[in-house]
Ligand SMILES: Nc1nc2c(ncn2[C@@H]2O[C@H](COP(=O)(O)OP(=O)(O)O)[C@@H](O)[C@H]2O)c(=O)[nH]1
Ligand SMILES: [Mg+2]
């Protein structure tokens with residue numbers, strides 16, 4: 001899973017990238033990738049319950065994409081986001097004299113510039129493909145179906161709507177998958193506030209931005225990269241007190257990571273024991289057999305059954321012994337649809 005962090009220069013992209021991944025962004029502005037941990041308190045709780053020696057959290061890969069400058073680096077920009085799975089748009093609202101902005105503080109315009117660029121790129125891709133298909137109509141048996149889906153795409157783009165808004169059946173989804181449309185990628189917006197704006201819950205162009213994001217069903221997360229940086233430098237207890245004062249229960253970084261995760265349709269299941277608690281990432285709707293394959297292909301191939309307990313049940317009972325006594329322990333077959341938070345032991349033959 002690759003997430004591209006996009007936005008105008010000086011928006012706070014690299015600062016958030018650093019916080020999400022604990023890596024310094026490169027100085028030369030090239031796209032840089034690093035692994036970000038998805039904070040999940042369930043992992044910590046399971047580790048305590050099992051006295052585990054090791055904990056492994058779910059991760060996703062973040063890319064620090066060079067700042068987008070309309071009319072100046074369009075091709076480079078599009079190239080660097082072509083193969084990411086999902087986009088996080090960082091929008092600058094913070095006002096800071098020492099950090100010059102080319103255009104002034106205008107998060108709504110900045111968002112629109114990004115969106116228009118992506119819509120236009122999809123539009124061109126669509127036109128090229130439509131022309132080619134029209135020529136193949138007699139030879140290519142699939143051309144008719146594909147044309148129909150692309151016509152739907154055209155109507156959507158004509159309404160200035162991203163393609164992810166389009167409701168498609170699974171056949172149509174499959175046809176579109178090969179295209180790598182930019183506006184098909186899940187997107188979340190992060191507005192980067194200064195401390196004053198954070199406290200006042202108010203920033204320039206707020207109404208326009210929030211209305212546009214609502215129109216296209218894009219979630220918005222408010223953070224202050226500056227405050228997040230300060231939180232990251234505190235020890236756990238001080239960080240908790242500081243966040244309490246701010247009236248938040250979770251750091252902005254944790255909120256971004258978790259929103260990206262959920263928005264991508266990802267869920268976690270756990271394997272837990274004294275040796276290790278491990279959080280594994282799968283797609284919503286994946287079967288037990290497929291989940292087993294995340295751990296090892298041998299376990300997938302030799303799958304016999306999954307021994308499953310829901311996280312909440314295990315924590316409420318406090319031990320596997322109690323879980324069994326209460327009849328909350330389940331044996332599931334290969335087609336069982338794994339639920340977020342399942343704690344699983346796989347039985348398999350090699
Ligand atoms: N005051 C303030 N400065 C910030 C904030 N976020 C980032 N900056 C500063 O803005 C500058 C640009 O940030 P950077 O993350 O490099 O932006 P990028 O160009 O989008 O990667 C740096 O000097 C940051 O320290 C913020 O929330 N408040
Ligand atoms: Mg940067």
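Pop a pseudo-label 7 angstrom from the Cα along the beta-carbon direction at both residue 51 and residue 242 and give the gap in nm to one decimal.
3.5
Step by step: find N for the stretch 223-350, compute 2.2 N^0.38 Å, then divide the Cα radius of gyration by it. What's the final number?
Dividing the Cα radius of gyration by 2.2 N^0.38 Å gives 1.31.
From the square roots a ≥ b ≥ c of the eigenvalues of the alpha-carbon gyration tensor of the chain, which class results: rounded (a/c under 1.5), prolate (a/b over b/c), or oblate?
Oblate is the answer for the chain, as a/c is 1.5 or above yet b/c matches or exceeds a/b.
Compute a Gaussian network model of the chain, connecting alpha carbons closer than 10 Å, and tell me which residue from 98, 281, 271 fluctuates the most.
98
Can you give me the Cα centroid spacing of the stretch 237-271 and the stretch 150-196 in angstrom?
The two parts, judged by their Cα centres, are 26 Å apart.
Calculate, in nm to one decimal, what residue 129 and residue 96 gain on full extension: separation in residues at 0.36 nm each, minus their alpha carbon distance. Working shown, then result.
On the way: separation 33, 0.36 × 33 = 11.88 nm, distance 4.51 nm.
Between residue 129 and residue 96, full extension yields 7.4 nm more.
Label-point separation (nm) for residue 284 and residue 173, each offset 7 Å from Cα along Cα-to-Cβ?
Going from the residue 284 label point to the residue 173 one covers 1.0 nm.
Given springs between every Cα pair under 10 Å in a Gaussian network model of the chain, which of 118, 49, 16 has the largest fluctuation?
49
Taking only C-alpha pairs under 8 Å that are 6+ residues apart, what is the relative contact order of the chain in percent? Could the numbers behind the result be given before it?
Working: 582 pairs, mean separation 66.8, N = 350.
That works out to 19 percent.
Build a GNM of the chain with springs between Cα atoms under 10 Å: which of 121, 236, 208 gets the top mean-square fluctuation?
The residue that fluctuates most here is 236.
Would you mind putting 223-232, 142-151 in packing order, based on average other-beta-carbon counts within 10 Å, highest first?
In decreasing order of mean packing, 223-232, 142-151 become 223-232, 142-151.
Based on alpha-carbon centroids, what's the gap between the stretch 44-87 and the stretch 91-131 in Å, whole number please?
The stretch 44-87 and the stretch 91-131 have Cα centres spaced 20 Å from each other.
Based only on other Cβ atoms within 10 Å, what is the fewest-to-most ordering of 243, 124?
Fewest-to-most Cβ neighbours within 10 Å comes out as 124, 243.
Expressed as a whole number of Å, what is the distance separating the alpha-carbon centroids of the stretch 276-335 and the stretch 201-234?
So the two Cα centres are separated by 37 Å.
Rounded to the nearest 500, what is the chain's calculated 222 nm mean residue ellipticity when only DSSP H runs of at least 4 contribute -39500 (n - 2.57) each, over all residues?
-13000 deg cm²/dmol
Give the calculated FRET efficiency between residue 304 and residue 72 to the nearest 0.05, with a Förster radius of 51 Å applied to their Cβ-Cβ distance.
The computed FRET efficiency comes out at 0.30.
Could you work out how far apart the two model spin labels at residue 160 and residue 330 are, taking each label as a point 7 Å from the Cα in the direction of the beta carbon, and quote it in nm?
Here the modelled spin labels are 4.7 nm apart.
No lab work stands behind these numbers, since they all come straight from the coordinates. As the structure is a computational prediction, the values presented were derived from the model and not from experiment. FYI the Cβ positions are ideal-geometry reconstructions off the backbone, even for glycines, and counts take in every protein chain you see.
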